[in-house]
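The values are calculated or read from the model by the stated rules, or taken from the named source; none is laboratory data. As the structure is a computational prediction, the values presented were derived from the model and not from experiment. Virtual Cβ from ideal backbone geometry, glycine too; neighbours counted across all protein chains shown. Calculation scope for accessible area: heavy atoms of the full protein, side chains included, ligands and nucleic acids excluded. Shrake-Rupley method; radii C 1.70, N 1.55, O 1.52, S 1.80 Å.
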Amino acid sequence: MTPSASPATQLEVRGRTVRVSNPQKVYFAERGYTKLDVVEYLLAVGDGILNALQHRPTTLERWPQGVFPGATLSTRADNRGDAFFQKRVPQGAPDYVETARIAFPSGRTADEVSPSELAVVIWAANLGTLTFHPWPVTADDVEAPDQLRIDLDPQPGTDFSDAARVAPHVREILAEHGLTGYPKTSGGRGMHIFAPIEPRWTFTQCRRAAIAVGRELERRLPGQVTTKWWKEERGEAIFVDYNQMARDRTIASAWSIRPNPRATVSMPLDWAEVDQVHPDDFDLRTAPARFAQVGDLFAPLRAGAPDRGSLDGLLELADRDERDHGLGDLPYPPEYPKMPGEPKRVQPSKDRDRS
């Protein structure tokens, strides 16, 4: 028997009234967290989540039935899941919900939510949004990323501690090329390092810079890091997912809740604590106290913040890799059109032409 809905409540969010329907609906079955718990968490870290999303086209990861055993996320191949990604602004959005028009790799366009105030975040949470996926661009110029994002993805046989050991080397490489890296947990097993950059390079150039970082990591940490796109080639290593810098590929924002039983949070870190923490340390209940104590360590990455670096150094490194070592482009995700200079997009074990 489905429990009856709890009465809706009205919240004042910085001068805006936002309706929260069925606030006692359980969103995290294992821990008993409700929709209202999610909303109150977002209010507690309001400046942090807004810094991460403000004026950025943002995909909403919606779990309208919450996170429960067996819940699945819809994919391109199977849309029957319990949760889904909302790339277009939902119908019936309030008039204060601003949008930004983005273009997909196919050339099609969409108007995505572009949060301008905290009320938009709370409105999205009322729709079941747990994780916010902002593009690395602002609504003012959706073609020029202002963030370089390095995604360290542990492969089978590795875990968060391995990603944490690799992260300082990312920091070192970025610094050698004039960039400042800011780390955060993914909220899962991985780690993200973001660097603010001047918005004057294309997605293709930013992806090329991410590949250059990954290849330099492979040289410095042989056997521990890989840029191999095909899973069968990666081994027990940390995969640098360079395609997260491709157009329409996004990463969970700082302060977003992740859809796992613990309701962990993607948490900004100080470099001194990268090897001292575990993703489970930061969840819906513990994150507000941390925010109150240390503030938003990702604030330098907010839209329009000063002190943005140049990609020239990493792009020169990419040029040297290609000129001196014959290391050109790497495969794009399968839904992308064939890109100029891209190698064969064929799984190695199925490539009959490969020796």
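Within the stretch 295-338, the set of residues being of a type in the set (D, E) and open to solvent by 20 Å² or more (accessible area, probe 1.4 Å) comprises D296, D307, D312, E316, D319, E322, D324, D329, E335. Residue check: G81 meets all listed conditions (1) within 26 Å of P23 (Cβ to Cβ); (2) in a loop (DSSP other than H, G, I, E, B); (3) open to solvent by 70 Å² or more (accessible area, probe 1.4 Å) but one, namely (3). Against the list (1) open to solvent by less than 30 Å² (accessible area, probe 1.4 Å); (2) more than 24 Å from E198 (Cβ to Cβ); (3) within 16 Å of the chain's Cα centre (by Cα); (4) polar (S, T, N, Q), the condition S74 fails is (3). S106: in contact (Cβ under 8 Å) with a residue 12 or more places away in the chain and of a type in the set (S, T, N, Q), yes or no? In short, yes.
Annotation for the stretch 259-275: no member residue is of a type in the set (D, E), within 27 Å of M339 (Cα to Cα) and touching a residue at least 40 places away in the same chain (Cβ under 8 Å).
Filtered by the rule that a residue be open to solvent by 50 Å² or more (accessible area, probe 1.4 Å) and more than 24 Å from V13 (Cα to Cα), the stretch 89-104 gives a lone residue, R101. For the residues R302, R308, R320, R345, the requirement of being among the basic types (K, R), out of contact with any helix residue (DSSP H, G or I) (no Cβ under 8 Å at 6 or more places or on another chain), in contact (Cβ under 8 Å) with a residue 12 or more places away in the chain and under 29 Å from G178 (Cα atoms) singles out R308.
Residues checked against (1) within 16 Å of D270 (Cβ to Cβ); (2) in contact with a strand residue (DSSP E or B) (Cβ under 8 Å, 6 or more places away or on another chain); (3) open to solvent by 10 Å² or more (accessible area, probe 1.4 Å):
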| position | (1), (2), (3) |
| --- | --- |
| V170 | yes, yes, no |
| E176 | no, no, yes |
| L179 | no, yes, no |
| Y182 | yes, yes, yes |
| G188 | no, yes, yes |
| E198 | no, yes, yes |
| W201 | no, no, yes |
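Report, by residue number, each residue of the stretch 228-268 that is in a loop (DSSP other than H, G, I, E, B), over 18 Å from A83 (Cβ atoms) and open to solvent by 10 Å² or more (accessible area, probe 1.4 Å). Matches in the stretch 228-268: K228, W229, W230, R234, G235, E236, D241, R247, D248, R249.
In the stretch 1-55, the residue that is least open to solvent (accessible area, probe 1.4 Å) out of those that are in a loop (DSSP other than H, G, I, E, B) and under 21 Å from S114 (Cβ atoms) is V45. So, A119, is that one open to solvent by less than 30 Å² (accessible area, probe 1.4 Å), outside any strand (DSSP E or B), at pLDDT 95 or above and on the phi < 0 side of the Ramachandran plot or not? In short, yes. Here is the figure for the stretch 269-294: residues that are open to solvent by 50 Å² or more (accessible area, probe 1.4 Å), in a loop (DSSP other than H, G, I, E, B) and closer than 21 Å to F132 by Cα total 2. Residues of the stretch 122-146 that are out of contact with any Lys or Arg (no Cβ under 8 Å at 6 or more places or on another chain), part of a strand (DSSP E or B) and more than 26 Å from R19 (Cβ to Cβ): D141 alone. Looking at the stretch 159-168, which of the residues that are of a type outside the set (A, V, I, L, M, F, W, C) and part of a helix (DSSP H, G or I) is most open to solvent (accessible area, probe 1.4 Å)? In this case the residue turns out to be R165. Within the stretch 267-281, the set of residues being more than 18 Å from A292 (Cβ to Cβ) and either touching a strand residue (DSSP E or B) at 6+ places or on another chain (Cβ under 8 Å) or aliphatic (A, V, I, L, M) (or both) comprises W271, A272, V274, P279, D280.
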